[in-house]
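To start, the structure under review is shown below, and the notes come after it.
The values are calculated or read from the model by the stated rules, or taken from the named source; none is laboratory data. This one's a predicted model, so the numbers in the text were calculated from it and none came from an experiment. Here the Cβ positions follow ideal geometry from the backbone for every residue, glycine too, while neighbour counts run over all protein chains shown. Just the protein is used for accessible areas: all its heavy atoms, side chains included, with ligands, DNA and RNA removed. Shrake-Rupley method; radii C 1.70, N 1.55, O 1.52, S 1.80 Å.
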Amino acid sequence: MKKTPTTFFFCISFLLIFSFCVHAAGPIQLPPPQTDSGKPLMQALKERKTVRTFSDEKLPLQTLSNLLWAAFGINRPDGRRTAPSAKNWQEIDIFVATSEGLFRWDAGKNLLDPIIPKDVRAMTGTQAYVQSAAVNLLYVADYSRVDGGGMDKDVLVGADTGFISQNVYLFCASEGLATVVRAGINRDALAREMQLKPEQKIILAQSVGYPGK
Ligand SMILES: Cc1cc2nc3c(=O)[nH]c(=O)nc-3n(C[C@H](O)[C@H](O)[C@H](O)COP(=O)(O)O)c2cc1C
């Protein structure tokens with residue numbers, strides 16, 4: 001084959017598109033979380049707030065890793081987490097919707113497992129800003145890990161979700177990120193899109209990103 005600039009251009013384009021597709025289709029390994037930075041706790045509490053305007057800037061993978069670890073990462077050798085859960089059920093899974101697709105965060109391996117290879121951010125809420133937030137976290141309870149023992153399971157699951165959400169609020173306050181926790185979700189449509197099992201229930205969503213103007 002004659003090597004013309006056009007052939008060269010097509011070869012490079014093919015390689016770029018191919019590598020993008022491979023990357024988009026496979027799991028994304030996140031870098032280890034950095035646990036030695038951030039503002040002091042009292043300062044983060046002072047700055048915790050809801051912000052609903054987002055810039056379209058993406059979060060670096062390192063920031064995403066730090067965010068997810070703060071939310072519900074493993075912080076002890078026995079596998080316990082940064083947020084408590086009733087009876088240590090650890091029933092909340094965090095799904096991550098970005099412009100690249102929907103992923104399920106595997107806390108043990110610290111990787112993002114691809115679920116849907118398209119941008120579903122707009123579907124994660126009923127308010128317009130959700131499509132511009134870099135990341136929309138979905139807190140999904142897996143009731144197969146929940147044994148109520150006479151207690152109201154939904155109350156406990158709601159409480160467990162709240163702790164994770166507050167961790168995210170404090171991380172965002174510490175990092176100067178915007179965030180809003182949301183009950184406003186079209187749950188049935190989103191659960192169908194996510195192909196959730198009957199025992200999985202979307203509890204809350206939380207948008208995170210750089211603050212907009
Ligand atoms: C359980 C829960 C559900 C919420 N749902 C929504 C929501 O769907 N949309 C929204 O814009 N804000 C939502 N919020 C954010 C609250 O409106 C916000 O926390 C409240 O106005 C107090 O503001 P602050 O967080 O800055 O203190 C929710 C907050 C909580 C705790």
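For the Cα atoms of the chain, what angle does the longest principal axis make with the long axis of helix 5-25, in degrees from 0 to 90, nearest 10? Here the helix axis deviates by roughly 20 degrees.
What FRET efficiency, computed as 1/(1 + (r/R0)^6) with R0 = 22 Å and r the Cβ-Cβ distance, is obtained for Lys213 and Ala128, rounded to the nearest 0.05? Efficiency computed from Cβ-Cβ geometry: 0.90.
Solvent-accessible surface of the chain, taken per residue with a 1.4 Å probe and all protein chains present: 54 Å². For the chain, which whole-number percentage of the solvent-accessible area (1.4 Å probe, protein heavy atoms only) is attributable to carbon and sulfur atoms? Heavy-atom surface of the chain belonging to carbon and sulfur, 1.4 Å probe: 59 percent.
For the range 160-176, the residues whose backbone nitrogen is under 11 Å from a point 7 Å from the Cα of Lys39, taken along Cα to Cβ, are 170-176. Relative to the Cα centre, the charge distribution of the range 122-209, modelled as +1 at Lys and Arg Cβ and -1 at Asp and Glu Cβ, gives a dipole magnitude of about 180 debye. Gaussian network model of the chain, Cα springs within a sub-10 Å range: biggest mean-square fluctuation belongs to which of Val96, Val155, Val168? The residue with the greatest mean-square fluctuation here is Val155. Look at the dipole of the chain built from charges on Cβ: of Met194, Phe54, Ser207, the Cα furthest out on the positive end belongs to Phe54. Between the Cα long axis of helix 61-72 and the first principal axis of the chain there is an angle of about 20°, rounded to the nearest 10. Using only side-chain charges placed at the Cβ, +1 for Lys and Arg and -1 for Asp and Glu, the dipole size of the chain relative to its Cα centre rounds to 420 debye.
Maximal additional length on extending the Lys46-Asp154 stretch stands at 35.9 nm, based on 0.36 nm per residue less the C-alpha distance.
For the pair Phe163 and Asn75 in one chain, pulling the backbone fully straight at 0.36 nm per residue adds 30.2 nm over the alpha carbon distance. For the range 165-186, the residues whose backbone nitrogen is under 15 Å from a point 7 Å from the Cα of Ile116, taken along Cα to Cβ, are 185-186. Both radii are taken from the alpha-carbon atoms of the chain; with Rh as the Kirkwood radius, Rg/Rh is 1.03. Distance from the alpha carbon centroid of the range 144-197 to that of the range 55-114 works out to 12 angstrom.
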